[in-house]
1. For the stretch 114-196, just say rounded, prolate or oblate: build the C-alpha gyration tensor, square-root its eigenvalues into a ≥ b ≥ c, call rounded for a/c under 1.5, and beyond that prolate if a/b exceeds b/c, oblate if not.
2. Amide H to amide H under 5 Å from LEU299: which residues, 5+ apart in sequence or cross-chain, H placed 1.01 Å off N in plane?
3. Hey, what's the Kirkwood Rh for the chain if you take every pair of different alpha carbons, in angstrom?
4. Whole-Hz ³J(HN,Hα) for each residue in the stretch 210-223, computed from phi via Karplus 6.51 cos²θ - 1.76 cosθ + 1.60 with θ = phi - 60°, x for glycine and proline: what do you get?
5. Taking the simple approach of a point 7 Å from Cα along Cα-to-Cβ for both GLN79 and THR25, what is their distance in nm?
6. If the only charges are +1 at each Lys and Arg Cβ and -1 at each Asp and Glu Cβ, what is the size of the charge dipole of the stretch 114-196 around the Cα centre, to the nearest 20 debye?
7. Could you please put LYS86, LYS148, LYS198 in sequence from largest to smallest accessible area, using a 1.4 Å probe?
8. Per residue of the stretch 112-120, in order, report the coupling 6.51 cos²θ - 1.76 cosθ + 1.60 (Karplus, θ = phi - 60°) as ³J(HN,Hα) in whole Hz, putting x for Gly and Pro.
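The values are calculated or read from the model by the stated rules, or taken from the named source; none is laboratory data. Because the structure is predicted, anything quoted here is derived from the model rather than measured. In this analysis, Cβ positions are derived from the backbone assuming ideal geometry, glycine residues included, and neighbour counts consider all displayed protein chains. With ligands, DNA and RNA removed, areas are computed over all heavy atoms of the protein, side chains included. Shrake-Rupley method; radii C 1.70, N 1.55, O 1.52, S 1.80 Å.
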Amino acid sequence: MKESFRWYGHLDPVSLQDIFQTGATKVVSALHSVPNGKVWKVDAIKEHQQIIQNAGLDWEVVESVPIHEEIKQRIGSFQAYIENYKKTLENIASCGIHTVCYNFMPVLDWTRTDLFYPMKDGSSALYYNSSALAAFDLFVLQRVGAEKEYDAKQILKAKNYFKALSYNEIETLSKSIIAGLPGSEKGYTLEQFRRQLKQYESLTERDLREHLLLFLEEIIPTAEKVNIKMCIHPDDPPFNLFGIPRVVRTFNDLETLFKSAPSLSNGLTYCTGSLGVRQDNDLLKIFRRFADRIHFLHLRSIQREGDGNFFEANHLEGDVDMFTVVHAIITEEKKRKKRGCSDWEIPMRPDHGHQMLDDLNKKIYPGYSAIGRLRGLSELRGLALGISKTINI
Ligand code: DNO
């Protein structure tokens, strides 16, 4: 695996020099200052790339080129945004970067309800609590028709959850959900969020899937032409939120996606933490089925706590069987190498990490503090080294 680390640019509290010390050689990054929908200019890409190179690192993967909401809904200027997207891919490729991660989650990107969930060892983790989300939906956002989304038991749990919250806790909960986690859009106020959701009111799961497939029909030929591997990121969490559909949640969702555009440029970001939230997602089966189109890896674990609740466990703990996952990855890499593929090594980043040690007193990007990710990377590095010595292909 090509060890990589995510870097959010010059505002990131974790510097490139810090990343260099982790031993990772590759960087995963994006031009976060370019507004969604606008073309990434070659000069801007090159400038960012040069900054990374000056630190002795390589910009290996773009994560993400975001997809404009109008493309997801196929309204307004979606066609122009698709053209811009293609141009951006061409520009990225012309700078020598050939892996692009993206997602197709409407309105919100990844979502958690608690960004500082205390762990027994004194570190803190990210948590998703379905009652907290329902409490926010029903009693803070007061979304019209929200009660139809939940059964009586869930509504009762949400009520009790909400009753126990102080005013400040309600504020914090709202912020955690809609104020924008690192890597997502800037976030919303309650009013903006309501408006965004309303736009999706009549959009069915079938519509959204069709819009994704139509988008792929347009961009995959461009990606192929310029030798870019597009890697869709699974929905996180992998189920519908706020009554709007998500369509990259399960084995079957992925199967549909890749059947409709079989080119290997139509690839997957294999994110164990996102897919692993669902017990019905067999991580090994997913890996094996789509192995040849897995071009990027996000390795992290989660611990399911029932009702769809989960926290982000240490990388080698929790419900993701990291040994089996890494074994499958290394086996795939060795097969690729044997076939003579020059790019047999798959870029991997330790995804998220606990806020711990010195980072507990620092301003961090939730999930993206240095030490927690460094711990994850080191553990994964050791695991991979051990496994790789045992596989002879
Ligand atoms: C969260 C990230 C996501 C991811 C996008 C990919 O930590 O994995 O924000 O970057 O969903 O487009």
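1. Oblate shape, in that a/c is at least 1.5 and b/c is the bigger or equal ratio.
2. Residues meeting the criterion, in which the H sits 1.01 Å from N, are ARG349, ASP351.
3. That comes to 21.5 Å for the chain.
4. With coefficients 6.51, -1.76 and 1.60, one gets 4, 5, 5, 5, 5, 4, 5, 4, 7, 8, 4, x, 5, 4 Hz.
5. Spacing of the two 7 Å Cα→Cβ label points: 4.6 nm.
6. 160 debye
7. LYS148, LYS198, LYS86
8. 9, 10, 9, 9, 9, 6, x, 9, 4
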